[in-house]
1. Mind telling me which of the residues ILE84, ILE41, ILE115 ends up being buried (at least 17 other Cβ atoms within 10 Å of the Cβ) and either more than 29 Å from PRO210 (Cα to Cα) or without any contact (Cβ under 8 Å) to a residue 12 or more places away in the chain (or both)?
2. State yes or no: is VAL96 over 29 Å from TYR180 (Cβ atoms) and either among the aliphatic types (A, V, I, L, M) or out of contact with any Pro (no Cβ under 9 Å at 6 or more places or on another chain) (or both)?
3. Looking at (1) free of Cβ contacts under 8 Å to residues at least 40 places away in the same chain; (2) under 30 Å from TYR97 (Cα atoms); (3) under 26 Å from the mean Cα position of the chain (by Cα); (4) not in a helix (DSSP H, G or I), which is the only condition THR230 fails?
4. Right, TYR92: farther than 26 Å from LEU208 by Cβ and in contact (Cβ under 8 Å) with a residue 40 or more places away in the chain or not?
5. Considering only residues that are of a type in the set (S, T, N, Q) and surrounded by fewer than 17 Cβ atoms within 10 Å (Cβ to Cβ), which ones fall in segment 176-206?
6. Whether any residue in segment 13-20 is more than 26 Å from the chain's Cα centre (by Cα), more than 24 Å from LEU249 (Cα to Cα), surrounded by 10 or more Cβ atoms within 10 Å (Cβ to Cβ) and not hydrophobic (A, V, I, L, M, F, W, C) is what I want to check.
7. So is SER72 under 20 Å from CYS247 (Cα atoms) and touching a Ser or Thr at 6+ places or on another chain (Cβ under 6 Å) or not?
Amino acid sequence: MKKHIPLSTIIMHIFIIIVCVFSAFPFFWMLSAATNKSVDIIKGQVFFGGYLAENAKQLIKTVTLGRAFWNSLRNTVIGTLVSIFICSMAGYGFQVYRDKNKDKLMSVLLMSMMIPFASIMVPLFRMFSQVNLLDTTMGFILPSISTAFLIFFFRQSSMSFPMEIVQAARVDGLGEFGIYLRVYFPVMAPTFAAAAIVTFMNHWNNYLWPLIIMQKQESQTMPLLITGLTAGYTTDYGMLMLAVTICTLPTMLLFVTQQKRFVAGVLGSVK
């Protein structure tokens, strides 16, 4: 006997399919536009064409794609590693160590999230220019080396961390940094993965601060390179969409390959 499927379930699945189609269409259009000529894109061509090689040759000829990609990759990887290390230690400390004022300090950190970056951008630029950090990786990562969001994220996730393990490690003679490195890090691996994905995407897509601090062409990142492709009197949309596709691939691949860890880390699971 066939099992009857409720009408509400059918409607829900149809709605999910429609939402998925609308969500995936921009990515499909981006990929198809990278294979078409600019005039075809303007006319509304949504299917794949045969001009991918021509767009790639024109892109390589017009801009220094390899240098911009390397700049973005280098700055993003270094910034992600440093940010995760510092913010995870701060979140670990907020949860593990007992102090009556730590909740007040966390409230101050959370209040700092309400300050828009544009309001501190000019003082930061003047300070960085005085210490010769313009056009450097250090200048790129310092403003976001520690964020209130990441500290709060690690602190909330650490609430499910078993404190008995920390106490047992201290009894065995393991130092505090050793506990963080050999006990806390393996147990909280999903949280580290989720934070790394979010931080990587933020650094990779960062536009406003690199626009201010990266003044030389050889220091520009991928978002700045894409913006430069639209600065002329006419825009080659095929070449532009190919550059956007290349810029999107690292974050897309990172999220697809680490999706399970990301979900587990966001949910705060501890293994």
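Every read-out reported here was derived from the displayed coordinates using simple, explicitly stated rules and does not represent laboratory data. Everything numeric in this text was worked out from a predicted model, so none of it was measured. Here the Cβ is made from the backbone with ideal geometry for all residues, glycine too, and neighbour counts use every protein chain on show.
1. ILE41
2. So VAL96 does not fit the description; no.
3. For THR230, the exception is condition (2).
4. Judged against the criteria, TYR92 is a match.
5. Quick first cut of segment 176-206, residues of a type in the set (S, T, N, Q) only: 191, 199, 202, 205-206.
Once the filter is applied, which keeps residues that are of a type in the set (S, T, N, Q) and surrounded by fewer than 17 Cβ atoms within 10 Å (Cβ to Cβ), segment 176-206 yields only ASN205.
6. yes
7. yes
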